[in-house]
Amino acid sequence: MIQTVDMRVDYEDVTAVSDLNLRIEGGEVFGLIGPNGAGKTSTIRVLATLQRPTYGDVSICGIDALEQPREVHRLLGYMPDLPPVYEDLRCWEFLDLFASAYFVDRRERLARVDECLTMVNLQGKRDAMAGTLSRGMTQRLVLAKTILPDPRVLLLDEPASGLDPHARIELRDLLKMLGEQGKTILVSSHILTELQEMCTSIGIMERGRLLEAGRIEDIVDRLSERRRLLVVEVHEFERHEAGLREVLEPVGEVRVLERGLGVAFAGDERAAAELLRALVDRDLPVTAFYERRMGVEDIVRRIGAREVS
């Protein structure tokens, strides 16, 4: 649904995106991660046909975005970072204006406007002037505008910016729902915990280069190197730390956690069960024994460390 081949973006003597090869399948919610200046916004602007790359190929739904931008526009919904609104229009008027621009059928237009306001939880602000909305509400209004024409592909640049925690949960649920409907979504964000819960796949950019990309579970498997972190917590940890170490240290590298120890464990499920039995046989008051899998934040930390070294 989204593909770039050797895409490069230069600004005079600065390379913002360097030879980007990106492939996002249909129905994916793809999180584009990276610090400021990593090239995320430049990438999204090229995908939205708002600027041409220095060189490279770009396709949306199999259509050449550089040769047929108007055809691509019919398939896209684009939400920029810090998007502007027409402050002298009411919220429903703002959406109605864009519904007309998107050629939404006149007979369905107001119903579609109300549906989108409900999806972003702004139905109570239907008649409010757009210029009176808070930043978070403005973000939601522009998101409603973005999904108005029912696009197949969504490009969202920092959509959670300015949203309160409750609104972020609603955004996460909305994007998951849209992904389940078969829409392909590319979303950039600095809020890693939100990306963990809403995305099926991620790409990590740094200094214009794509360091890693793929489904989250596949990246975790590649980076785990067949070792996983088993977490063991015991009652009154300080009293029992020495005994806990005696059992765990022969198994693998041990690290201190908040209420217990974690061990880098390479065994299978049977070996894990035997390890738990050994802990119980030592009469250690085990309160928790579980596997902690890598999350998006762990992946970014691991990839970043690799890049620095």
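No value in this document is a laboratory result; all are computed from the given coordinates. Keep in mind it's a predicted model, so treat the numbers as computed, not measured. Cβ placement follows ideal geometry from the backbone for every residue including glycine, while neighbour counts extend to all protein chains displayed.
Points to keep in mind about this one:
- Its alpha carbons considered, the chain gives a radius of gyration followed by a Dmax of 23.8, 74 Å.
- When the Cα atoms of region 132-250 are aligned to their principal axes, the ranges along those axes come out at 62, 33, 31 Å in descending order.
- Electrostatic dipole magnitude of region 225-308 [Cβ: Lys, Arg +1; Asp, Glu -1; Cα centre; debye, to 20]: 300
- Normalised by the number of residues in the chain, the average gap of Cα pairs under 8 Å and 6 or more apart makes the relative contact order 20 percent.
- Per-pair calculated FRET efficiency, R0 = 35 Å: Asp164 and Ala288 via Cβ, rounded to 0.05: 0.65
- Of His73, Gly252, Ala278, farthest towards positive along the dipole that unit charges on Lys, Arg, Asp, Glu beta carbons give the chain: His73
- Legend: ranking of residues Met137, Met7 from fewest to most surrounding C-beta atoms inside 10 Å; resulting order Met137, Met7.
- Sequence-distant residues sharing a close amide H with Tyr78 (under 5 Å, placed H): Leu155
- Pairs of alpha carbons in region 1-42 whose separation is greater than 14 Å (percent): 55
- Long-range HN-HN contacts of Met205 with modeled amide H, under 5 Å: Ile33, Gly34, Leu211
- Dividing the helix sum by the residues of the chain, where each DSSP H run of 4 or more adds -39500 (n - 2.57), gives a mean residue ellipticity at 222 nm of -12000 deg cm²/dmol.
- Candidates Arg207, Arg228, Arg277, ranked by Gaussian network fluctuation over the chain, Cα under 10 Å, top entry: Arg277
- The modelled label-to-label distance for the pair Tyr11/Arg222, using points 7 Å beyond Cα in the direction of Cβ, is 2.9 nm.
- Lys, Arg +1 and Asp, Glu -1 on Cβ, resulting dipole of region 65-213 about Cα centre, debye, nearest 20: 200
- Take every Cα pair under 8 Å whose residues are at least 6 apart in sequence, average their separation, divide by the length of region 225-308, and the relative contact order is 41 percent.
- Highest-fluctuation residue, Val254, Val29, Val104 considered, GNM on the chain with Cα pairs under 10 Å: Val254
- Fluctuation leader among Thr287, Thr41, Thr200 - the chain, Gaussian network, Cα springs under 10 angstrom: Thr287
- Mean projected area (nm²) of the alpha-carbon convex hull when region 65-131 is viewed from all directions: 5.4
- The alpha-carbon of Lys125 sits under 25 angstrom from the alpha-carbons of these lysines, leaving out residues fewer than 8 places away in its chain: Lys145, Lys176.
- Mean projected area (nm²) of the alpha-carbon convex hull when region 225-308 is viewed from all directions: 6.0
- Only Lys, Arg, Asp and Glu carry charge here, each on its Cβ (+1 for the first two, -1 for the last two); on that basis the chain has a dipole of about 480 debye about its Cα centre.
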